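Have a look at the structure below, then the notes.
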Amino acid sequence: MEVRRQIDVSGIVQGVGFRPYVYRLATGRHLRGTIRNTSAGVTIEIQGPAETVQDFVEHLPAEAPPLARITSLAVQDVPCLAVQIGGDQDFRIVHSHEGEEVRTLISPDVAICPDCLREMFDRNDRRYRYPFINCTNCGPRFTIIRDIPYDRPSTSMAMFPMCPACLAEYENPLDRRFHAQPNACWKCGPRVELWDKSGKRIECRDPIVEAVSGLHAGLVVAVKGLGGFHLAVDATNPAAVALLRRRKRRVEKPFAVMVPDLQSAQEICEFDGADATAQTVLQSMQRPIVVLPKKTPGAIPDEVAPFNRYLGIFLPYTPLHYLLLAEGGFKALVMTSGNLSEEPIAIDNREAIHRLNGLADYFLVHNRDILLRCDDSVVRVAGGITRQLRRSRGFVPVPVFLKDDQPSVLAVGGELKNTICLTKGKHAFLSQHVGDLENVESYSFFHEAIRHLERILEIRPEIIAYDLHPDYFSTRWARQQSGVELVGVQHHHAHIASCMAENHLEGRVIGFALDGTGYGTDGNIWGGEVLIAGYEGFERAAHFEYVPMPGGAAAIREPWRMAVSYLAHHFGREFLKLDIPFVRQLNRPKVDLLLRMMEQGVNSPLTSSCGRLFDAVAALIGIRQEVNYEAQAAIELEMAIASSDEDTAYPMKLVPELVPEDDHWIVSTRPLFEALLDDLGRNLPVAAISRRFHNGLVEGFVELATLLRKKTARNRVCLSGGTFHNIYLSHRLEARLSEAGFEVFTQKEVPSGDGGLSLGQAVVAAAKVPRTT
Ligand SMILES: [Zn+2]
Ligand SMILES: [Zn+2]
């Protein structure tokens, strides 16, 4: 029996080789019908014997091309069409109508595919060693789009008319390059050049060979990639790494290294033998930087990631990266964002020469413009779970899929690790990593990211959501906008809502929001918060007791100040009599000044921050008195936990004291510090103290969650905030809460740090504004 079915497919199905794929699937089964692009995706009509049609429908999602992402697939029976009355004689790709509104999802930039890689290293291929080889399964997308619909004239490939050979591929539905918008070759496409530091082109036979000899000589080469420039040095050359650190003014923050293949990665980092997640993620087409434990002694000098047991590694993802690594025979290259500390990554050739002046010796550039900057993504893999630390290249602009339709909201994020978020329907589009909004370059990138996303996603926000901190650049910007509803969202509420949205939760949850800094509704600096929260609102159920931050921001840069603050808070000036190394090494005049500041309440804002508690402990036990990058003390405190340590149950002194007050709990850290000082007095190793500290927090939180469950009858716990980038703490807390019978939800797709804040702001604002429709 003949049947005819109409299949509406939505998701990322345009510009990714989906129509040719369906064409092959249909013709291979001798089915008749059509496929055409629609505003939502593609519509297929398929006719033939019932069994064969059924087989087609079943195979359709399973074998879709790698870049396709099907978000919904609706199948319905339609009347059969006989050939005599205009039915199809075969299967055809029907071209979309001119001017038809196209509103499909845009693919992210992805790594070169195995087919293109093979062709590039094939001497007989016409694209042998061509650094811009790509096809519908791979290459740039998001960073070369100027406007929609996504086709060549709206991309930075518009200036490269295709040669006849490329055009023939582009127009052939059976070719891997059918409608591959960045399709190009040696004859017609972009070219690589090597420039000196003044921006003068260096005459040479092969710019890649020249760049490699620079790297071999220990020099810094700026390399133009997919979403911006990298600064590259030979990672096995300590002097070259030190040179880059000096020039980049990056003292100790780890550098990421690019390795040629999985085998080289395995020589440098520890992979969990039982679990292949890290291998899979490393080789995935998104090619994020994967943070893994370093092998010791390793092939990589300490200068790459000093005081750090972990290393961020990634595989090459552009053809140019592969050519560079192969030509140079490098074991590993440091590939760090082409910028000064915390500024946005440089993307334009001339901009790079100007902004990276004094940083790079050579510039390996090309003439395919990057229209939108996009940093490398960073993930951490542990226990078979991948978590986003920085969600950017390879993932953006794939939306986070929400449970329910949302109004169009623009959420402008926080101050550090900023991202923005735009919602439409069930989609939440988070921007790439915008960075720290503390310098002029970041401001303009922030504007650029908003404008660009609004344009290519065709979103006109009705609501703008922002953080309550009055001094955040993003907040000030949001408050200047008119003609839209403005909604302020508390920082930690946004963290919990972000976790809820990602996990499709409704109602209210017990939310642990732990991080460094967030503006509280009482004007204090929050950061160790337990909320009973839903999208529309929250109650502050518990928090760490307030302590002063002597010197404000200076207390973030100098953890020893927080140690002094905690000791003075709990023990008064008596702590100065303690016979422990921390106190012996204190600079007394400085400490006296600090104590007076706190006693008089001068420049000493109150904080309940979990991050500052980590800082205080790290300083007190001698791990770090001053930091060179955000969260350094907390990171090093986590790493101090040696894996061989016996997992002693800490004396129950570490359980936080719970004081009922105004219907919420204050988590007192006094017993914790008492026990810790005892341990310091009997010279317990730092590794054991750190472990007991972590375990103590976990047990305190489990007890707190149990109390709140009794009080509210809620059993769902959400964990969010930058502190949960601490794998030891998050895994242990998750495990212990699960043992206690809680349903625990964490963030995987979206960072739990401030990079995921905008998602939470968007869903909270949407819930707070009454729907008019
Ligand atoms: Zn390809
Ligand atoms: Zn060509």
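The values are calculated or read from the model by the stated rules, or taken from the named source; none is laboratory data. Bear in mind that the values here come from a model prediction, so they are computed numbers and not experimental data. Heads up, the Cβs are rebuilt from the backbone with ideal geometry, glycines too, and the neighbour counts pull from every protein chain shown. Protein only, heavy atoms only, side chains kept; ligands, DNA and RNA dropped before computing areas. Shrake-Rupley method; radii C 1.70, N 1.55, O 1.52, S 1.80 Å.
Annotations
- Solvent-accessible area per residue in the chain equals 38 Å², computed with a 1.4 angstrom probe and all protein chains kept.
- In the chain, the longest principal axis of the Cα atoms and the axis of helix 207-216 are about 20 degrees apart.
- Reachable lysines, given that their alpha-carbon falls under 19 Å from the alpha-carbon of K426 and they are not under 8 places away in the same chain: K403, K748, K768
- Span from the region 278-345 Cα centroid across to the region 238-256 one, whole angstrom: 14 Å
- Helix content alone sets the calculated 222 nm mean residue ellipticity of the chain: runs of n ≥ 4 DSSP H residues at -39500 (n - 2.57) each, divided across all residues, give -9500 deg cm²/dmol.
- Across the chain, C-alpha contacts under 8 Å between residues 6 or more apart give a mean separation that, scaled by the residue count, equals a relative contact order of 11 percent.
- Free-standing Cys residues across the chain, given no other cysteine C-beta under 4.7 angstrom: C80, C116, C135, C166, C185, C204, C269, C374, C421, C610
- Here each label is just a point 7 Å from Cα along the line to Cβ, and for R36 and E674 those points are 7.8 nm apart.
- A straight Cα-to-Cα reach below 26 Å connects K710 with the lysines K653, residues fewer than 8 places away in its own chain not being considered.
- Full extension of the chain between D125 and K187 gives 21.0 nm of extra length, using 0.36 nm per residue less the Cα-Cα distance.
- Against the main long axis of the alpha-carbon atoms of the chain, helix 588-600 sits at an angle near 90°.
- Here region 408-480 is assigned +1 on the Cβ of each Lys and Arg and -1 on the Cβ of each Asp and Glu. Its dipole about the Cα centre then comes out at about 360 debye.
- The A740 and R24 beta-carbon pair, evaluated with R₀ = 56 Å, returns a calculated FRET efficiency of approximately 0.60.
- Leading residue at positive end of dipole, the chain (Cβ point charges), from A705, C610, L320: L320
- The label point for K403 and the one for E462, both projected 7 Å from the Cα toward the Cβ, are 2.1 nm apart.
- Restricting region 345-438 to GluC sites (Glu not before Pro) that sit in a DSSP loop and have at most 16 other Cβ atoms within 10 Å of their own Cβ leaves E438.
- Of the GluC sites (Glu not before Pro) in region 100-158, the ones in a loop by DSSP (not H, G, I, E or B) with at most 15 other beta carbons within 10 Å are E100, E101.
- Listed pairs K248/K590; K248/K417; K331/K417; K253/K294; K295/K417 exceeding 22 Å between Cα atoms: K248/K590; K331/K417; K295/K417
- Residue among C269, L311, L226 farthest towards the positive dipole end of region 179-315, charges placed on Cβ: L226
- With Cα atoms, 0 to 90° folded angle of helix 727-739 axis to the chain main axis: 90 degrees
- Take the Cβ atoms of I385 and K710, set R0 to 35 Å, and the FRET efficiency comes out at 0.70.
- Given charges at beta-carbon only (K, R positive; D, E negative), |dipole| of the chain in Debye: 1160 debye
- Difference of contour (0.36 nm per residue) and Cα-Cα distance, H59 to K295: 80.6 nm
- Efficiency of FRET between V209 and E351 - r from beta-carbon atoms, R0 22 angstrom, step 0.05: 0.30
- The loop-placed GluC sites (Glu not before Pro) in region 445-514, going by DSSP, that have at most 15 neighbouring Cβ atoms within 10 Å of their Cβ come out as E458, E506.
- Length-normalised contact order for region 714-773 - Cα pairs under 8 Å, 6+ apart - percent: 40 percent
- Most positive-pole-ward Cα, H694, T723, F745, against dipole of region 672-754 from beta carbon charges: F745
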